[in-house]
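Beneath this line is the structure, given in structure tokens, with notes to follow.
The values are calculated or read from the model by the stated rules, or taken from the named source; none is laboratory data. Given the structure is predicted, the values throughout are model-derived calculations rather than measurements. Methodologically, a virtual Cβ is constructed for each residue, glycine included, from the backbone with ideal geometry; neighbour enumeration extends over all protein chains shown.
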Amino acid sequence: MALHPTLARVTDRIRARSQEVRGAYLDRIRAAGDAGPARGHLACGNQAHAYAAMGVDKEALAAGRVPNIGIVTAYNDMLSAHQPYEHYPELIRRIARESGATAQVAGGVPAMCDGVTQGQAGMELSLFSRDVIALAAGVAMSHNTFDSSIYLGVCDKIVPGLVMAAASFGHIPAVFLPAGPMTSGLANDEKGKVRQKFATGEVGREALMAAEMAAYHGPGTCTFYGTANTNQMLMEFMGLHLPGSSFVNPNTPLRDALTVAGTRRAAEITALGNDYRPAGEILDERAFVNGIVGLMATGGSTNLVLHLPAMARAAGIILDLEDFDTISDVVPLMAKVYPNGLADVNHFHAAGGLGYMIGQLLRAGLLHEDARTIAGDGMEHYTREPKLIDGELVWTEGATESLNDKILRPASAGFSANGGLKQLTGNLGRGVIKISAVAPERHVIEAPARVFHDQNDVRAAFKRGEFTSDTIVVVRFQGPRACGMPELHSLTPTLSVLQERGLRVALVTDGRMSGASGKVPAAIHVSPEAADGGPLAKIQDGDILRLDAVSGELSCLTPGFEARPAVVADLSAHQTGIGRDLFAAFRAHVGPSTMGAAVVV
């Protein structure tokens, strides 16, 4: 099927916009690749330090004739999604050895859990942790003794940070190995109901804790379709996972077999063989367009509107909000996974999952079929499904029909005709809104503003009974320069209760709302942010605001508001404690959200 003309136009636009920086990037990584295996340029003393503790692999490493795989791991056992990684390096080293290669843990990177820090001071480090991860992975790979790389990471900022590092070392092949989602626990909608009852005082903390523990109950990724699972989808759509590997549960024979296969593939695609696949050439404009298509088709996390531009810039590619908006207009929403529906990712995977979706999108001309991937040339590889047959891993034809059309539908009959992500512009700046879970009658909200500088103050006003009429809640000074751009997901139960009481409510913020943003309209990532004197800093209580997700408008309708001086907030409380003092340089130098809120690129 020929590529859809809109996707062709967007791809050409990205290619033209990026020509200079992408050209310089490719020259740089090709020069590094042409220099040959890095170990050959190291002195014997350098190499001896690197191999001293490698036991049975020392001789092969010293000879320098077999591929050496660098493992960068985000393992810790506080993240349920990352706990399975504890034993991956041991397995990877053994399989590499059996495959005529070697493998070493090059280094570890931090991995924080946004689920732990939601509504807490630690959330102000969350977005910046992405750039820290990129830096830490860069340090790990800087030993320059690796012919290939394996990246172990799943969750919110970890995968984007690792991709940024893989792009920086773009002459080296990169394989991303997932750990998989936890098995299904308490249904996400049931958990959400308990959260709302707790917000209104109908149940106590004991009931809330029981519900949360029943939902988050074992190893693996949280099962709702938030940023972590959106990351896993992206790695498949962008060709950095093995086909069909994203949503296989941890600690299963199939999961282990995919880890084995990923290790073997990492050894096969180095410059020492005849199928060299450097990461920087896989991460081209086609891969990023395919990733955006996947984001829209699945109704994925709004956080990726920040992360994809940052990842792309690390590979010399410049994305803009207009690219997301234009692609969203032509890509149907094919999946309903919580918070956009009742199903979780295990149900989605069972219904046909990514293989079915990719096949449908290819037939509709909505993917670059010819994109390079670690599995081979062409996205057709990703329509196949991994299975263990008589103990052997094989890829068979994937689902050609949805097994549950309440969860997964064909591209020709999606849940909506577009991906549900809209760019917003107007006299309040630029932002985005995700409307895939927002009822159509709430796509346009016009109401008086109520202005806050702290999400805790919103909840306090709610408990005092101050929201009694239609309101657009403005939570400003939440951008990257102000306090690291925390997610405001903890406001979801409060705003949902107001909406269910019959009020027309919305959120406008220069902060984030995360992959769990749902049925309340939320204009997020508004830029310029208030801390830079952006228009949000001029809004006053009672100003009439208009959020129009149909036309893409975000405006203040109160005459003369632009002439007001910008409010300057006291942000001193956000600058120290819980590690925040260590990130002063990040807050001072971070770029705008429209460019990915990045520090290191």
Quick check on Ser527: is it under 19 Å from Val473 (Cα atoms), surrounded by 17 or more Cβ atoms within 10 Å (Cβ to Cβ), in the same structural domain as Ser469 (by TED's automatic domain parsing) and touching a Pro at 6+ places or on another chain (Cβ under 6 Å)? yes
Hits in segment 277-304 - residues which are within 28 Å of His87 (Cα to Cα) and not aliphatic (A, V, I, L, M): Arg277, Pro278
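Please specify each residue of segment 574-588 satisfying the condition of being surrounded by 12 or more Cβ atoms within 10 Å (Cβ to Cβ) and in a helix (DSSP H, G or I).
Within segment 574-588, His574, Arg580, Leu582, Phe583, Phe586, Arg587 meet the criteria.
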In segment 390-411, which residues are closer than 22 Å to Ala261 by Cα and of a type outside the set (S, T, N, Q)? Asp390, Gly391, Glu392, Leu393, Val394, Trp395, Glu397, Gly398, Ala399
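Scan the strands (runs of 3 or more DSSP E) fully inside segment 414-493 and keep the ones with 3 or more residues being under 23 Å from Asp156 (Cα atoms) and of a type outside the set (Asp, Glu).
421-426, 429-434
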Tell me which residues, restricted to segment 75-88, are free of Cβ contacts under 8 Å to residues at least 40 places away in the same chain and within 21 Å of Ala53 (Cα to Cα). Glu86, His87
Selection count where residues are in contact with a strand residue (DSSP E or B) (Cβ under 6 Å, 6 or more places away or on another chain), among the charged types (D, E, K, R) and either closer than 19 Å to Leu571 by Cβ or not in a strand (DSSP E or B) (or both), scope segment 519-556: 2
Among what's in segment 130-172 and is closer than 21 Å to Pro309 by Cα and in a loop (DSSP other than H, G, I, E, B), pick the residue that is farthest from the chain's Cα centre (by Cα). His171
Identify, from the list Ile539, Ile578, the residue that is modelled with pLDDT of 95 or more, hydrophobic (A, V, I, L, M, F, W, C) and assigned by TED's automatic domain parsing to the domain that holds Met485. Ile539
The lone condition Lys387 fails out of (1) outside any loop (DSSP other than H, G, I, E, B); (2) in contact with an Asp or Glu (Cβ under 8 Å, 6 or more places away or on another chain) is (2)
Consider Gly122 carefully, then state whether it is farther than 30 Å from Ala597 by Cα and outside any strand (DSSP E or B). no
Does Phe128 satisfy the condition of being under 30 Å from Ala63 (Cα atoms) and either touching a Lys or Arg at 6+ places or on another chain (Cβ under 6 Å) or aromatic (Phe, Trp, Tyr) (or both)? no
Of the residues Ala228, Ala210, which single one is in the same structural domain as Gly294 (by TED's automatic domain parsing), more than 24 Å from Gln499 (Cβ to Cβ), in a helix (DSSP H, G or I) and among the hydrophobic types (A, V, I, L, M, F, W, C)? Ala228
Just give me the residues in segment 208-254 being among the polar types (S, T, N, Q), modelled with pLDDT of 95 or more and either within 21 Å of the chain's Cα centre (by Cα) or under 26 Å from Pro173 (Cβ atoms) (or both), in sequence order. Asn229, Thr230, Asn231, Gln232, Ser245, Ser246, Asn249
Which ones in segment 6-57 are in contact (Cβ under 8 Å) with a residue 40 or more places away in the chain, in contact with a Leu (Cβ under 7 Å, 6 or more places away or on another chain) and not hydrophobic (A, V, I, L, M, F, W, C)? Pro37
I want to confirm something. Restricting to segment 56-83 and keeping residues that are among the hydrophobic types (A, V, I, L, M, F, W, C) and within 14 Å of Ala96 (Cα to Cα), which single residue is surrounded by the fewest Cβ atoms within 10 Å (Cβ to Cβ)? Val56
